[in-house]
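Presented below is the structure to which this report refers.
The values are calculated or read from the model by the stated rules, or taken from the named source; none is laboratory data. Remember, predicted model here, so these are calculated numbers, not experimental data. All Cβ positions, even for glycine, are placed from backbone atoms using ideal geometry, and neighbour counts span all protein chains on display.
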Amino acid sequence: MSNERHGISIGIERNGDDFYLSFIATGSLTHEDYEQMVPLLESALIGIREPDIHALADLRALKGMSIHAAWDDLKLGFSHGKEFKKMAILGKGSLQEWMSKMADWFTPGEIRFFEDREEALNWLK
């Protein structure tokens, strides 16, 4: 078992039916990380018929993810993808940028990659 720090920190703010989420992914994500995060997200959305989610996903400290975690991420996208109106991916490197572009092809909302946090936040407004 690895002692490496890993996980997903999530912040949720709400203004009417608009949600502002911030995710910070750290280390190599596991299925257990998604088991902790998904119920938090889903409990915030209870009772909202058509939520509009604007999200900032900070992947700068992400090192990777297990196959099971990747499957969990895909399932989350299928379950809630239409609710994400805008997602700013804050990352580093061409691989994360390329993956952000691929995700944008399969997501009804708009996804953009940024290396600068302020630019990402301004775009989400």
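A residue that is at pLDDT below 95 and loosely packed, with under 13 Cβ neighbours inside 10 Å can be found somewhere in region 66-75. Of all the residues in region 11-36, those that are surrounded by 13 or more Cβ atoms within 10 Å (Cβ to Cβ), modelled with pLDDT under 90 and either among the polar types (S, T, N, Q) or under 11 Å from Ser66 (Cβ atoms) (or both) number 0. Checked against (1) more than 14 Å from the chain's Cα centre (by Cα); (2) modelled with pLDDT of 95 or more, Ala61 passes all but condition (1).
Mind telling me which of the residues Glu42, Glu83 ends up being among the charged types (D, E, K, R) and within 23 Å of His6 (Cα to Cα)? Steps first, answer last, please.
Values: Glu83 fails: within 23 Å of His6 (Cα to Cα).
From the options Glu42, Glu83, the qualifying one is Glu42.
When Lys63, Lys86, Lys82 are checked against the criterion of being among the basic types (Lys, Arg) and assigned to a helix (DSSP H, G or I), a single residue qualifies: Lys82.
For region 99-120, the set of residues classified as more than 14 Å from the chain's Cα centre (by Cα), modelled with pLDDT of 90 or more and assigned to a helix (DSSP H, G or I) consists of Arg117, Glu118, Glu119, listed by residue number.
Is it the case, given these coordinates, that Pro39 is outside any helix (DSSP H, G or I) and over 13 Å from the mean Cα position of the chain (by Cα)? No; evaluated as a whole, the condition is false for this residue. Taking the criterion of being touching a strand residue (DSSP E or B) at 6+ places or on another chain (Cβ under 8 Å) and either modelled with pLDDT under 90 or over 22 Å from Val38 (Cβ atoms) (or both), the residues of region 85-98 that qualify are Lys92, Gln96, Glu97.
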